[in-house]
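Here is the structure we will look at.
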């Protein structure tokens, strides 16, 4: 009797899952397939975020070497800083044991033209994590104003909360590249 009850319950569960769209054998899709697809998309996103962050970091570093400072009145620097801030947001919930973290690092190395490498990657990521955990919404807002042509955005950025943290983090990172 117990075996019959277990078989009936299993059949009801399978029927319920199929009718709710969790498993669709006619099309070959399943919840597992959808989960795998989402995971692949997330990892591609991590690599892409790393690459854009690395490219922004490289541009900021090249300007820093040229001018001896992070010039916050330079429109390109504001845009690169906003790109960097947006790119590192995935690090908020990651640690160095996650696949996201390692894929982000791979993209970061490629995007930075190997400014970030195996010797300095841990320290760079620690500083980038500081950026990720700082409220830098004002930087992205200023970048949006710059993109729309508002000339006052560069001046306004000087008073934005989090800019000091961002510049200090960049200074720490740049000292690793020498």
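Only the coordinates and a few stated rules stand behind these numbers; no lab work does. This structure is a prediction, so every number in the text was calculated from the model and none was measured. Positions of Cβ are backbone-derived with ideal geometry, glycine not excepted, and every protein chain shown enters the neighbour counts.
Given R0 = 45 Å, the distance between the Cβ atoms of residue 73 and residue 45 translates into a calculated FRET efficiency of 0.90. Potential lengthening of the chain between residue 167 and residue 118 amounts to 15.3 nm, from the contour at 0.36 nm per residue minus the alpha-carbon distance. A protection proxy built from the mean count of other Cβ atoms within 10 Å ranks the segments 126-136, 100-110, most packed first, as 100-110, 126-136.
Spacing of the modelled spin labels on residue 98 and residue 141, each 7 Å from Cα toward Cβ, amounts to 2.7 nm.
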